[in-house]
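Chemist: Before I ask anything, here is the structure I am working with.
Just so it is clear, none of the values below were taken in a lab; they were calculated from the coordinates. From a predicted model like this one, the values you see are computed outputs, not experimental measurements. Note: ideal-geometry Cβ built from the backbone for every residue, glycine included; neighbour counts use all protein chains shown.
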Amino acid sequence: MRPETIAIRTQTERTGEKEHSTPLFLTSSFVYDSAEDMAAAFSDESLDVNIYSRFSNPSVDEFIKKVCLMEGAEDGIATATGMAAVNACFMTFLSAGDHIISASAVFGSTHAILTKYLPKWGIEYSYFDMNKPETIEAMIKPNTKVLYVETPSNPGLDIIDIELVSAICKKHNILFIVDNCFATPAVQRPIGFGADLVLHSATKFMDGQGRVLGGVVVGRKELVRDMYLYVRNTGPSLSAFNAWVLSKSLETLYVRMDKHAQNALQIAMALEHHPALNWVKYPFLPSHPRYDIAVKQMSNGGGVLTFELKAGLEGGRKFLNALKWLSMTNNLGDSRTIASHPASTTHSKLSEAERQAVGITPGLIRLSVGLEHPDDILEEILQALGASSPLNPNA
Ligand SMILES: Cc1ncc(COP(=O)(O)O)c(C=O)c1O
């Protein structure tokens, strides 16, 4: 079967009720036929039985299985949020005295774990510039255990050659983790390019309608086993209800990502030379600095684009206020188009230098392009650009 079919047809075994849509196993724990069976469930680790939904649950397992098949991975674990997935990776594979190398262009909360919490536990980090992968090798130390990237990155849409970084990691025996949240497996499969573990905030395009939080990490069986034990014991497990929602959403991931990308490319091309903007960035625009790598490792440009308003910070506020129906919120990956202005919102607590380091300029707008008609989205953006332009006497 092809991945599009697998995403739709992978399902928990049908119960005696003969349901068509997948059932939801909303239960905290599971029962046994005898005291001996119950004892064996706890003592024999090779038994594939459900004990308690912090450990495993059929709805959660269905979601994990689909993501594994879509990413080309052996096994996976699911978590309550994307950040729980990131944190579970770090907690499982790093110990006091270890070193992690990460791209500096990572999601804000990942930056917080790397810079605030890991050092507190005796784990050091180094940041490299995604646009300078040639600097990575010089940062490697004998205690470097993990290399972490997001590609495309949030919100800067920086892109790195996964195959190239994987070769460096293999040479130095370093675990290579890729946050594939912006692309999803429908667009990019990092394991095929040599990543060891791939993680997602399933909250974004995997859900696709802004309803539930979730996270997932997939990779080789022996790596996932260690993570499973971490999650099982410390408790950031995905709820069965959210897993059911996410698994149903994966049925439409491929068609949704195609349409998100079609709309995003059309809008990026239409805005590229707009007089109110300094630039437009989108992975599949030939003007993207890593366009050659984007087309090598992604099947389309995904659903997120950014642009920089010439009018800077104040222009960003005015642009958001000029929107009539497009959503102003910090989430992304929704069927509804979302605009956000990182400098005045999600990244307002960072210093100007920190914002610059991750590519967040005062006038940067991030657009998560939804599934509405692209002409409607474009008209809405163009009217907001016009209404907020410094050349408009009413702006
Ligand atoms: C690239 C990336 N990774 C991780 C996360 C964290 O995900 P969650 O909000 O589900 O914890 C986000 C959230 O925006 C993200 O954009």
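Chemist: Taking a virtual spin label 7 Å from the Cα of residue 120 along the C-beta vector, which residues in the stretch 230-262 bring their backbone nitrogen under 15 Å of it?
Modeler: So the set is empty, nothing qualifies.
Chemist: Give me 13, 74 sorted ascending by neighbouring Cβ count inside 10 Å, so fewest comes first.
Modeler: Details: 13 7, 74 14.
Ascending Cβ contact count within 10 Å gives the list 13, 74.
Chemist: Another question, then. For the Cα atoms of the chain, what angle does the longest principal axis make with the long axis of helix 374-388, in degrees from 0 to 90, nearest 10?
Modeler: Here the helix axis deviates by roughly 50 degrees.
Chemist: Separation of the stretch 242-272 and the stretch 276-290 by C-alpha centroid, Å?
Modeler: The stretch 242-272 and the stretch 276-290 have Cα centres spaced 19 Å from each other.
Chemist: Taking Cα atoms, how many degrees apart are the long axis of helix 240-250 and the longest axis of the chain, rounded to 10 and kept between 0 and 90?
Modeler: The answer is roughly 60 degrees.
Chemist: Rounded to two decimals, what ratio of Rg to Rh does the stretch 112-248 give with C-alpha atoms and a Kirkwood Rh?
Modeler: Details: Rg = 15.8 Å, Rh = 16.3 Å.
That ratio equals 0.97.
Chemist: Could you please report the charge total around residue 347, scoring K, R as +1 and D, E as -1 over all other residues with beta-carbon less than 13 angstrom from its beta-carbon? Let's see the in-between values first.
Modeler: On the way: positive: 349, 355, 366; negative: 352, 354.
Neighbour charge sum, excluding residue 347 itself: +1.
Chemist: If I histogram all Cα-Cα distances within the stretch 244-395 using bins 5 Å wide from 0, what percent of pairs lands in each bin?
Modeler: 2, 10, 18, 22, 20, 15, 9, 4, 1, 0, 0
Chemist: Still on this structure, please answer the following. Let a ≥ b ≥ c be the square roots of the eigenvalues of the Cα gyration tensor of the stretch 250-334; is it rounded (a/c under 1.5), or, if not, prolate (a/b larger than b/c) or oblate? Walk me through the intermediate numbers first.
Modeler: On the way: a/c = 2.46, a/b = 1.32, b/c = 1.86.
Oblate shape, in that a/c is at least 1.5 and b/c is the bigger or equal ratio.
Chemist: On to the next question. Where the Cα atoms of the chain are projected onto their three principal axes, how long is each span, largest first, in whole Å?
Modeler: If we take the Cα atoms of the chain, the spans are 80, 54, 36 Å.
Chemist: In degrees between 0 and 90, to the nearest 10, how far off the longest principal axis of the chain does helix 82-93 point, with axes built from Cα atoms?
Modeler: So the inclination is approximately 60 degrees.
Chemist: Where in the stretch 214-301 are there chymotrypsin sites (Phe, Trp or Tyr not before Pro) that are in a DSSP coil and have at most 12 other Cβ atoms within 10 angstrom of their Cβ? Present the calculation step by step, with values, prior to reporting the outcome.
Modeler: Details: sites: 228, 230, 241, 244, 254, 279, 284, 291; in loops: 284.
Here no loop site has a sparse enough neighbourhood.
Chemist: Mean residue ellipticity at 222 nm from the helices of the chain, using -39,500 (n - 2.57) per DSSP H segment of n ≥ 4 over the full residue count, to the nearest 500 deg cm²/dmol? Display every interim value, and only then the final one.
Modeler: Working: 14 runs with 145 residues, N = 395.
Helices in the chain give a 222 nm mean residue ellipticity of -11000 deg cm²/dmol.
Chemist: May I pose another question? Please order 177, 6 by the number of other Cβ within 10 Å, starting at the fewest.
Modeler: 6, 177
Chemist: What is the P(r) of the stretch 1-109, as percent of Cα-Cα pairs per 5 Å bin from 0?
Modeler: 2, 9, 13, 17, 17, 16, 12, 8, 4, 2, 1
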